[in-house]
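Enquirer: Sharing a structure with you now.
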Amino acid sequence: MATQLKNLSDFSTATAIPDASAFTFGIVVAEWNAEITNALYQGAYNSLIKYGAQEDNIHSYPVPGSFELTTGAELLLKTGKFDAVICLGCVIQGETRHFDFICAAVADGVTNVAIKYSKPVIFGVLTTDNQQQAIDRAGGKHGNKGDEAAVTAIKMAKLAATLEQ
Ligand SMILES: Nc1c(NC[C@H](O)[C@H](O)[C@H](O)CO)[nH]c(=O)[nH]c1=O
Ligand SMILES: CC(=O)[C@@H](O)COP(=O)(O)O
């Protein structure tokens, strides 16, 4: 379903959202397009708190760009201190094919880190044609992808904890 057909912040039809109080979250935030990624971060942080996460269990780290999100996730999970890592970024198409390489590298990279550590790494990265599409998905008319990333992190952390028992 395309984002334009759903709201990224509407969980009314989704499965129940578990209590997040027992989990520790890392959030890695790309500094490129900071006005967008800061909005994504705010959405993610507020959603984690809304669903029970403790402030002291949310740890956030900036990285220069979305390409560095993979390394950020690796460095966090290597510590063994996190139940899930949320990666937030915004990649906007420019004049060249650089967009394609970054998007593919980050998607593949965070997937591989999640598998390596058997821990949820959430792809909270906007990959848009233009600035307006990003604004619409960072607290605009289509909701906030940070909200979606946070709820996904909670659900996956719960799943991992349940299966590890
Ligand atoms: N153009 C965008 C970038 N580019 C920077 C890369 O992510 C990376 O930091 C650089 O290539 C050095 O390794 N990053 C974004 O997050 N968004 C963009 O639109
Ligand atoms: C995604 C990018 O790296 C891109 O915004 C950079 O712009 P350009 O492709 O015009 O160099």
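Enquirer: Taking the Cα centre of the chain as the origin, how large is its charge dipole in debye, to the nearest 20, when only Lys and Arg (+1) and Asp and Glu (-1) carry charge on their Cβ atoms?
Expert: Details: 12 positive and 17 negative charges, 66 e Å.
Dipole size: approximately 320 debye.
Enquirer: Using the Cα atoms as the points, what is the convex hull volume per residue of the chain in Å³?
Expert: Looking at the chain, the number lands at 109 Å³ per residue.
Enquirer: While we're on this one: Tally the DSSP beta bridges in the chain and give the antiparallel ones as a percent, rounded to 5.
Expert: Around 10 percent antiparallel, to the nearest 5.
Enquirer: Placing +1 on the Cβ of each Lys and Arg and -1 on the Cβ of each Asp and Glu in the stretch 33-165, which of I36, Q133, T111 has its Cα farthest towards the positive end of the resulting dipole?
Expert: Positive-most Cα among the choices belongs to T111.
Enquirer: So what are the ³J(HN,Hα) numbers for the stretch 57-67, from phi and the Karplus equation (6.51, -1.76, 1.60; θ = phi - 60°), rounded to whole Hz, Gly and Pro as x?
Expert: With coefficients 6.51, -1.76 and 1.60, one gets 9, 10, 10, 10, 9, x, 10, x, x, 4, 4 Hz.
Enquirer: Dividing the convex hull volume of the Cα atoms of the stretch 13-90 by its residue count, what figure in Å³ per residue is obtained?
Expert: 98
Enquirer: How do 73-82, 93-102, 28-37 rank on mean C-beta neighbours within 10 Å, highest first?
Expert: 28-37, 73-82, 93-102
Enquirer: Still on this structure: How much area per residue is accessible in the chain when the probe is 1.4 Å and only protein heavy atoms are counted (Å²)?
Expert: Heavy-atom SASA per residue in the chain reads 52 Å².
Enquirer: A further question on this structure: Quick one: which residues, 5 or more positions from S60 or on another chain, have an amide H under 5 Å from its amide H? H modelled 1.01 Å from N in the peptide plane, none for Pro or chain starts.
Expert: Residues meeting the amide H criterion: I27.
Enquirer: Which of Y61, T15, V151 sits closest to the plus end of the dipole of the chain, meaning its Cα is farthest towards the positive end, when Lys and Arg get +1 and Asp and Glu get -1 on the C-beta?
Expert: In the chain, that residue is T15.
Enquirer: If R0 is 25 Å, what FRET efficiency do you get for A105 and A160 from their C-beta distance, rounded to 0.05?
Expert: 0.50
Enquirer: Sticking with this one: Considering all alpha-carbon pairs of the stretch 84-165, what whole percent are spaced by more than 19 angstrom?
Expert: 45
Enquirer: Give me the dipole magnitude in Debye, nearest 20, for the stretch 90-149 about the Cα centre, with unit charges on the beta carbon: positive for Lys and Arg, negative for Asp and Glu.
Expert: Dipole of the stretch 90-149, to the nearest 20 debye: 220 debye.
Enquirer: Search the structure for amide H atoms under 5 Å from the amide H of V91, placed 1.01 Å from N in the peptide plane, and list their residues when 5 or more places away or on another chain.
Expert: Amide H neighbours of V91, under 5 Å, 5+ apart: L126, T127, T128.
Enquirer: How much of the accessible area of the stretch 89-165, probe 1.4 Å, is carbon plus sulfur, in whole percent?
Expert: Taking all protein chains in place, the stretch 89-165 shows 54 percent carbon and sulfur surface.
Enquirer: Continuing with the same structure: Calculate one ³J(HN,Hα) per residue across the stretch 12-29 by plugging θ = phi - 60° into the Karplus curve 6.51 cos²θ - 1.76 cosθ + 1.60, and present them in order as whole Hz with x for glycine and proline.
Expert: Computed from phi, the couplings for the stretch 12-29 are 5, 9, 7, 5, 4, 8, x, 5, 9, 5, 8, 9, 10, 10, x, 10, 9, 10 Hz.
Enquirer: List every DSSP H helix in the chain whose Cα atoms extend 15 Å or more along the helix's own long axis and whose mean Kyte-Doolittle hydropathy is at least 0.5.
Expert: For the chain, where a helix must reach 15 Å along its axis and average at least 0.5, the hits are 98-117.
Enquirer: Just to verify a number: what accessible area does S60 come out at with the full protein assembly present, 1.4 Å probe, Å² rounded to tens?
Expert: 50
The values are calculated or read from the model by the stated rules, or taken from the named source; none is laboratory data. Note that the coordinates shown come from a computational prediction; the quantities given were computed from them, not determined experimentally. Ideal geometry is used to build each Cβ from the backbone, glycine not excepted, and the neighbour counts take in all protein chains shown. Please note that ligands, DNA and RNA were not included when accessible areas were found on the heavy atoms of the full protein model with its side chains. Shrake-Rupley method; radii C 1.70, N 1.55, O 1.52, S 1.80 Å.
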